Amino acid sequence: MKFLSAFFSVSVLALLSSGCTTVVIDEYRRSTGELALGDSVVILGRRHSSDYETEPDLIDCVGKTLHNPSAGVNVIPEQQFVDAMYPWFEPRTAPMHIKSLDKLMDIPDVRDRMEKYGVKYIVWIDGSTETTSSAGSIGCSIGTAGAGCFGFGTWDKESDYEASVWDFRDQELSGKISADAQGTSYMPAIVVPIPLIARVQNNACKGMAAQLQEFLLPPQSASR
Amino acid sequence: MNRLLNGFGAIRYFTLVATVSLLAACSHTVSVDGEFPAPVGSPHPLTVGVYLSDDFRQFTYSENRDDREEWNINTGRAQKNLFETVLGSMFKETVNLAQYPSNLPQGVDLVIVPEVRELQFTMPRETRVNIFEVWIKYDMHAYNQQGDSVAEWVITAYGKTPTAFLKSQEAALAQAINVALRDAGATLYTGFERVPELQAFIASKERALSMKQPGDNE
């Protein structure tokens, strides 16, 4: 009985722990952050590529992590903004370059709605997380004496994202932030499979959100 | 003897049930029921009748090929919602027509009639890309008050959903279709004025309105 409880404690601990992830954040800045009280930030995923799609949950994660009204960062949720601006931010119609915003602002209703939202920055995130390699095998069997799994599996994941920060009011590119993350997950199985998952996408999201906060706020606010 | 016959009957019955169950297991039914946002922009100065036929409102794409499982995809309700919402915001006034060409109300400048020409989809195992893809093609017809054709144009729409996002094939395909329908709405809205015949029609209507206005003021 003691053995069983110890075994389950170890399993729970293993479940709570995770595989290792390394995240590298690079930044290219053309202007300092100017986010003021009442300003909003929109974080949007690029969805024009035919072979991958920037994950909506990554965009949601960056938005939720960055959203902090008490620190002066108000993020409009992606779906709410895209619906409110339909059909101008769909994969087919979304502006690909900052210069294309001019044309969009020629439509009075679009301009009014953007002003109503108080949009100062539009952040476009492009990229995806992929499983790059996997190895090992786990076999499970069931018999009269019970069931169990034995073996070992491992897989690598890589995230590669680039965020382009557009200053909507000044109609210029404020800068770019890139996040490259990679991690290896392990799954040893001794009777019960114990997943040690590397949260690659989640760590890329947190790294990018932290960097974006520093990027968007004026220098004295960001240091708070 | 009766027992033996009953036994054979039971075997036949179970075989039939098993066959039907197996066939049902290989068929997929998707019912797409999307709601779509109203477009942002200024409406064209036209009163437009919109006729969505019963075939269009209840459109179901069925496919049963040897190299694929059976699929029945109902997009009727979602595309009805889309066209009513988008066309409803595109013009000064829209009238949903229950029938066409009979009983056309007075004052309608243009009648728009969409038809589904084609729907295609691919599954991840067919393309070896982890994405469900959908293409929809609509034939669009515009008629004047007299029932003469003003313009005919085609709308093509594309939608995709990565497999990782969803729980089942049906849910993934339904989401890809909703993305394609949003794309159809975007193309309809942004492409309407680019159809030369419609561009000329709107220009002549605007000219007529601008000529009428000074007279109204006198």
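Nothing in this text is a laboratory measurement; each read-out follows from the coordinates by a stated rule. Values in this document were obtained by computation on a predicted structure and should not be read as measured data. Using ideal geometry, Cβ is built from the backbone for each residue, glycine included, and neighbour counts are taken over all protein chains shown.
Each residue in A:S159, A:S178 was given a count of other beta-carbon atoms within 10 angstrom of its own, and listing them fewest first yields A:S178, A:S159.
Exceedance of the 22 Å cut-off in Cα-Cα distance is limited, within the set B:K92/B:K137; A:K116/B:K205; A:K64/A:K99; B:K80/B:K137; B:K137/B:K160; A:K64/B:K167, to B:K92/B:K137; A:K116/B:K205; A:K64/A:K99; A:K64/B:K167.
Between A:C20 and A:A210, the distance separating the two model label sites (each 7 Å from Cα on the Cα→Cβ line) works out to 1.8 nm.
When B:I112, A:I25, A:I59 are sorted by how many other C-beta atoms sit within 10 angstrom of their C-beta, beginning with the fewest, the order is A:I25, A:I59, B:I112. Near B:T94, the amide H atoms lying under 5 Å from its own belong to B:V48; only residues 5 or more places off or on other chains count, and H is placed 1.01 Å from N.
Among the DSSP helices (H) of chain A, those spanning at least 20 angstrom by Cα along their long axis with an average Kyte-Doolittle hydropathy of -1.0 or more are A:2-16, A:200-216; this is a geometric and hydropathy rule only. The aspartates and glutamates whose alpha-carbon is closer than 13 Å to the alpha-carbon of A:K120, local same-chain residues fewer than 8 away aside, are A:E34, A:D39, A:D167, A:D170, A:E172.
Counting neighbouring Cβ atoms within 10 Å and putting the fewest first, the residues A:E55, B:E93 line up as B:E93, A:E55. Relative contact order for chain A: 30 percent, from Cα pairs under 8 Å spaced at least 6 residues apart, divided by residue count. Taking amide H atoms as placed 1.01 Å from N in the peptide plane, the amide H of B:V30 lies under 5 Å from those of B:N72, B:I73, B:N74, each 5 or more residues away in sequence or on another chain. Using θ = phi - 60° in the Karplus curve 6.51 cos²θ - 1.76 cosθ + 1.60, the 3J(HN,Hα) couplings for the stretch A:180-187 round to 10, 10, 9, x, 10, 9, 10, 9 Hz; x is entered for Gly and Pro. The dipole here belongs to the protein assembly as shown: it is taken about the Cα centre, uses +1 on the Cβ of Lys and Arg and -1 on the Cβ of Asp and Glu, and is about 1260 debye.
Between amide H atoms placed 1.01 Å from N, distances below 5 Å from A:V119 occur with A:S40, all of them 5 or more places distant or on a separate chain. Cα-based values for the protein assembly as shown, radius of gyration first and Dmax second, are 28.3, 102 Å. 3J(HN,Hα) along the stretch B:191-204: x, 4, 6, 7, 6, x, 5, 6, 4, 5, 5, 5, 4, 5 Hz, from the Karplus curve 6.51 cos²θ - 1.76 cosθ + 1.60 with θ = phi - 60°, whole Hz, x for Gly and Pro.
Secondary-structure-derived ellipticity at 222 nm for chain A, considering helices only, amounts to -9000 deg cm²/dmol, per-run term -39500 (n - 2.57) for DSSP H runs with n ≥ 4.
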